[in-house]
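Data first, discussion second: the structure below is written as structure tokens.
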Amino acid sequence: MNIEEMKNKHKLLNEWAYDWTALDKGYTDKTLYINVSTNEIKEKAVPALMKEKFIGGKGYGLKLLWEGTKPDTKWNDPENEIIISSGPIGGITQYSGAGKSLVVSISPQTDSVMDSNVGGFFGPFLKFAGFDAIELQGKAENEVIVYIDGVNHKVEIFEAPEEPGDSHILAEVLTEMFANDEKDKKNIGVVSTGDAADNSLIGMLNFSFYDPKRKLVRLKQAGRGGIGTVFRDKKIRALVAKVPGVKGNLNNVVDLKAIMERGKNFNREMRELDDSQCEMRTKGTAHLVEIMDEYDLLPTHNFKFGSHPDTKNIDSEEWKSRFTQGIPDGCWIGCNMSCAKGVDNYEIRTGPYAGDKVIVDGPEYENAGGLGSNCGIFNPDYIIEANFYCDTYGICTISWGTIVAFVMECYENGILNEERTGGLKLNFGNADSAMELIHQLAKGEGFGVIAGMGIRKMKKMFVEKGWGDASFLHDIGMENKGLEYSEYISKESLAQQGGFAMTNKGPQHDEAWLIFMDMVNNQIPTFEDKAEALHYFPMFRTWFGLVGLCKLPWNDVEPENNAETDEPAKVPEHVDNYVTIFKAVTGREFDKYEMIRQSERVYNYQRIFNLRRGFGIRKYDAQPYRAAGPVTKEEYESRADRYDKQMKEIIGINPEGKTTEEKMAITREYRESQYEKLLDAVYKRRGWTNNGVPKISHLKELGMDLPELIEMVTPHQEN
């Protein structure tokens with residue numbers, strides 16, 4: 001069926017015209033509400049309090065989700081929402097990394113609030129079409145597409161029974177369907193997912209961006225927490241936004257010249273310094289692979305080990321040779337990081353697209369580490385193909401890599417076998433079985449469906465069936481709050497253990513990456529130092545998600561004199577860039593201290609949202625022991641010199657004459673006690689009770705003593 005025939009199958013369910021007004025200082029001050037159960041479409045004014053306290057992006061998403069749901073709303077209830085919002089800076093083209101959006105929903109994996117950041121065109125285009133956020137609620141009877149026409153200023157909902165399921169085809173089809181001609185394709189942004197999101201709890205969303213050099217539609221992912229699964233549960237096939245074009249000052253900022261000056265200087269840094277720093281323009285985030293391996297931080301065999309002799313097969317030079325070079329690989333207009341690398345004309349070997357030549361977006365570091373080394377697979381072709389299928393099927397690659405690594409360790413320990421996996425030999429390094437598992441998940445078949453439940457639910461199932469010991473499964477199952485760990489070894493960095501397990505949504509590195517400060521450079525030796533870092537960096541990074549910015553331009557290229565500053569880890573010159581840009585966009589009074597306070601307001605709100613959902617206290621910040629230390633004898637003995645030395649010099653116990661099991665027990669008791677002390681220190685620094693609940697006095701100090709928040713925290717205050 002061709003595109004015109006497909007379009008003719010559409011049935012218009014509702015059309016709503018709206019009065020478009022230009023943005024003012026980065027805001028439209030309107031949000032778009034759509035209920036796909038009733039086909040209601042309306043706009044909502046943004047209240048002054050929401051704009052003041054929640055800023056945009058994740059803040060708007062959390063506020064709208066709180067108001068739209070109840071404490072007992074389930075992820076698959078019609079009233080669950082998906083909110084997409086950029087932020088006041090989102091959409092500017094004069095400074096790199098300003099194309100981010102935040103997606104917020106109640107997660108199928110955690111049963112609590114989830115946020116996931118993403119690049120691509122849809123978030124900025126939504127703003128330019130007239131709305132600071134889109135709020136999706138309800139469940140459609142049949143497959144629907146929502147079309148936001150920012151050219152003719154109307155929103156349409158229509159049934160779309162014939163569209164393909166998987167994102168790499170669907171995004172191309174819809175871009176061509178809604179574009180007037182080839183030049184108009186750059187004005188289309190599509191949100192979609194794939195067939196695996198129908199059959200798992202780990203579905204993600206793909207946001208398209210048009211690559212004019214390649215003349216191809218490409219994809220960026222809002223990966224974490226299963227929001228793509230919510231999308232498909234609502235029977236939404238896709239969202240499409242169209243704008244007349246992107247040029248000039250669409251955000252109608254206060255001081256465009258100031259933004260342009262900062263952008264020009266940053267572009268010079270990228271041009272002159274990137275090749276000697278992170279090589280983002282040639283390798284993207286894959287430059288990290290051999291660095292992590294060198295410092296024993298590359299997850300290998302389900303986070304048991306931190307390095308491997310075969311890492312050279314998947315290191316950054318391998319990816320550099322595969323990536324198309326010399327193309328401005330930005331996922332938003334005007335971004336000069338060029339880190340959205342891609343493998344062009346890659347011939348697929350397996351599955352429904354075998355023989356097709358496709359562009360594969362990535363692999364990113366997380367995919368090389370998760371799909372590759374963590375599963376003991378050091379085959380770059382497997383990683384590329386698995387990356388492609390995860391993307392087009394709508395599978396979170398971070399969760400999937402950690403899930404498969406867990407399954408493989410279970411298989412090697414006899415918890416799983418071929419009978420239980422339906423014939424799959426899921427030992428470490430088995431690329432063929434790992435690939436088959438992906439295809440099973442997309443088809444809703446076999447053991448793939450079990451893997452698609454995520455680690456937390458698999459652990460419960462394996463125990464209930466009598467397949468494995470609950471304590472061992474808990475130790476090796478790398479999840480916290482129901483979300484799988486992203487791909488870094490945290491055993492030797494107590495601060496990073498907190499940076500993972502103390503996150504509001506679950507262990508994701510977008511809040512804090514403190515491994516080098518803590519483990520390598522020993523810049524934060526005391527509990528108070530670690531607590532300060534675990535206060536500042538999560539708040540600082542939260543701010544990017546409020547305003548529509550990408551984290552990478554902050555510290556993946558640094559000014560020449562950064563090492564000479566008082567706080568080089570903060571990259572103070574770039575922090576000053578962001579202060580200047582926020583003021584230049586919004587005209588609001590602002591400094592680096594208010595930046596942190598803005599984030600604190602939203603961060604504490606999200607913590608209390610978790611409390612409202614039945615979580616949000618200390619016990620939910622517990623971590624699997626594999627994140628802190630060696631679970632198995634093999635694991636301990638692989639680094640025996642390190643652990644024995646630490647036992648003698650740090651713990652103060654002589655390891656001589658002790659069995660490995662005795663030394664493991666001593667190490668575990670010490671490391672678990674250290675983590676509890678870290679929780680105490682961080683809670684104190686954040687203004688929380690010893691049980692991890694924000695204190696009323698702290699909320700008042702932040703100006704977040706809202707009645708609904710005070711009501712939630714009052715029963716949890718300490719005497």
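The values are calculated or read from the model by the stated rules, or taken from the named source; none is laboratory data. None of the values given here were measured: they were computed from a predicted structure. Here the Cβ positions follow ideal geometry from the backbone for every residue, glycine too, while neighbour counts run over all protein chains shown.
Filter the range 21-34 down to residues that are buried (at least 21 other Cβ atoms within 10 Å of the Cβ) and either polar (S, T, N, Q) or not assigned by TED's automatic domain parsing to the domain that holds ASP132 (or both) and give me whichever is farthest from the chain's Cα centre (by Cα). Within the range 21-34, the match that is farthest from the chain's Cα centre (by Cα) is THR28.
Residue-by-condition table, conditions (1) assigned by TED's automatic domain parsing to the domain that holds SER37; (2) polar (S, T, N, Q); (3) assigned to a strand (DSSP E or B); (4) modelled with pLDDT of 95 or more:
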site	(1), (2), (3), (4)
ILE145	yes, no, yes, yes
GLU163	yes, no, no, no
MET177	yes, no, no, yes
GLY189	yes, no, yes, yes
SER200	yes, yes, no, yes
PHE207	yes, no, yes, yes
GLY225	yes, no, no, yes
VAL230	yes, no, no, yes
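Could you please find all residues in the range 690-717 being charged (D, E, K, R) and either in a helix (DSSP H, G or I) or not assigned by TED's automatic domain parsing to the domain that holds TYR675 (or both)?
LYS700, GLU701, GLU708, GLU711
Against the criterion of being surrounded by 15 or more Cβ atoms within 10 Å (Cβ to Cβ) and under 30 Å from TYR147 (Cα atoms), VAL254 does not qualify. Of all residues in the range 195-236, those satisfying the criterion of being over 13 Å from ASN80 (Cβ atoms) and small (Gly, Ala, Ser) are ALA196, ALA197, SER200, GLY203, SER208, ALA222, GLY223, GLY228. I'd like to check something: does the range 352-364 contain any residue that is aromatic (Phe, Trp, Tyr), part of a helix (DSSP H, G or I) and surrounded by fewer than 24 Cβ atoms within 10 Å (Cβ to Cβ)? Scanning the range 352-364, I find at least one residue that is aromatic (Phe, Trp, Tyr), part of a helix (DSSP H, G or I) and surrounded by fewer than 24 Cβ atoms within 10 Å (Cβ to Cβ), so the answer is yes. When restricted to residues that are free of Cβ contacts under 8 Å to residues at least 60 places away in the same chain, surrounded by fewer than 17 Cβ atoms within 10 Å (Cβ to Cβ) and acidic (Asp, Glu), the range 600-657 contains 4. Scanning the range 428-452 for residues that are crowded, with 18+ Cβ neighbours inside 10 Å, touching a residue at least 12 places away in the same chain (Cβ under 8 Å) and among the aliphatic types (A, V, I, L, M) yields ALA431, ALA434, MET435, LEU437, ILE438, LEU441, ALA442, ALA451. Return a yes/no flag: does the range 419-426 have any residue that is touching a helix residue (DSSP H, G or I) at 6+ places or on another chain (Cβ under 9 Å) and assigned to a helix (DSSP H, G or I). Within the range 419-426, one or more residues are touching a helix residue (DSSP H, G or I) at 6+ places or on another chain (Cβ under 9 Å) and assigned to a helix (DSSP H, G or I).
Per this entry, ARG597 is counted among residues that are farther than 28 Å from GLU661 by Cβ and in contact (Cβ under 8 Å) with a residue 60 or more places away in the chain. State all residues of the range 141-154 that are over 20 Å from LYS44 (Cα atoms) and surrounded by 21 or more Cβ atoms within 10 Å (Cβ to Cβ); if no residue qualifies, say none. VAL144, ILE145, listed by residue number.
Of all residues assigned to the range 456-467, at least one qualifies as being aromatic (Phe, Trp, Tyr), assigned by TED's automatic domain parsing to the domain that holds THR300 and either part of a loop (DSSP other than H, G, I, E, B) or on the phi < 0 side of the Ramachandran plot (or both).
Rundown of residues vs (1) assigned by TED's automatic domain parsing to the domain that holds GLY477; (2) assigned to a helix (DSSP H, G or I), yes/no style:
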position: ASN251; (1), (2): no, no
position: ASN265; (1), (2): no, yes
position: ARG271; (1), (2): no, yes
position: THR282; (1), (2): yes, yes
position: THR285; (1), (2): yes, yes
position: GLU290; (1), (2): yes, yes
position: LEU297; (1), (2): yes, no
position: ASN302; (1), (2): yes, no
position: THR311; (1), (2): yes, yes
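Only a single criterion out of (1) more than 28 Å from ARG456 (Cβ to Cβ); (2) surrounded by fewer than 24 Cβ atoms within 10 Å (Cβ to Cβ) is not satisfied by GLU79, namely (1).
When ASP149, ASP132 are checked against the criterion of being within 22 Å of ASN187 (Cβ to Cβ), in contact (Cβ under 8 Å) with a residue 12 or more places away in the chain and either among the basic types (Lys, Arg) or touching a helix residue (DSSP H, G or I) at 6+ places or on another chain (Cβ under 7 Å) (or both), a single residue qualifies: ASP132.
For the range 555-570, taking the residues that are under 19 Å from ASN267 (Cα atoms) and touching a residue at least 40 places away in the same chain (Cβ under 8 Å), the one that is farthest from the chain's Cα centre (by Cα) is identified as GLU560.
Those residues that are in a helix (DSSP H, G or I) and either in contact with a Ser or Thr (Cβ under 9 Å, 6 or more places away or on another chain) or not assigned by TED's automatic domain parsing to the domain that holds LYS619 (or both), I need them from the range 673-687; list them, please. Answer for the range 673-687, where residues must be in a helix (DSSP H, G or I) and either in contact with a Ser or Thr (Cβ under 9 Å, 6 or more places away or on another chain) or not assigned by TED's automatic domain parsing to the domain that holds LYS619 (or both): ALA681, TYR683. Would you check if LEU441 is in contact with a helix residue (DSSP H, G or I) (Cβ under 6 Å, 6 or more places away or on another chain), closer than 30 Å to GLN221 by Cα and in a loop (DSSP other than H, G, I, E, B)? So LEU441 does not fit the description; no.
Within the range 617-654, the set of residues being over 30 Å from CYS410 (Cα atoms) and of a type outside the set (A, V, I, L, M) comprises LYS645, LYS648, GLU649, GLY652, ASN654.
Does the range 165-175 hold any residues that are at pLDDT 95 or above and crowded, with 20+ Cβ neighbours inside 10 Å, and which are they? Listed by number, the residues that qualify are ASP166, SER167, HIS168, LEU170, ALA171, VAL173, LEU174, THR175. For the range 352-361, the criterion of being more than 24 Å from GLU492 (Cα to Cα), at pLDDT below 95 and in contact with a strand residue (DSSP E or B) (Cβ under 6 Å, 6 or more places away or on another chain) is satisfied by at least one residue. Residues being of a type in the set (Val, Ile, Thr), within 16 Å of ALA431 (Cα to Cα), over 20 Å from the mean Cα position of the chain (by Cα) and buried (at least 24 other Cβ atoms within 10 Å of the Cβ) are entirely absent from the range 387-398.
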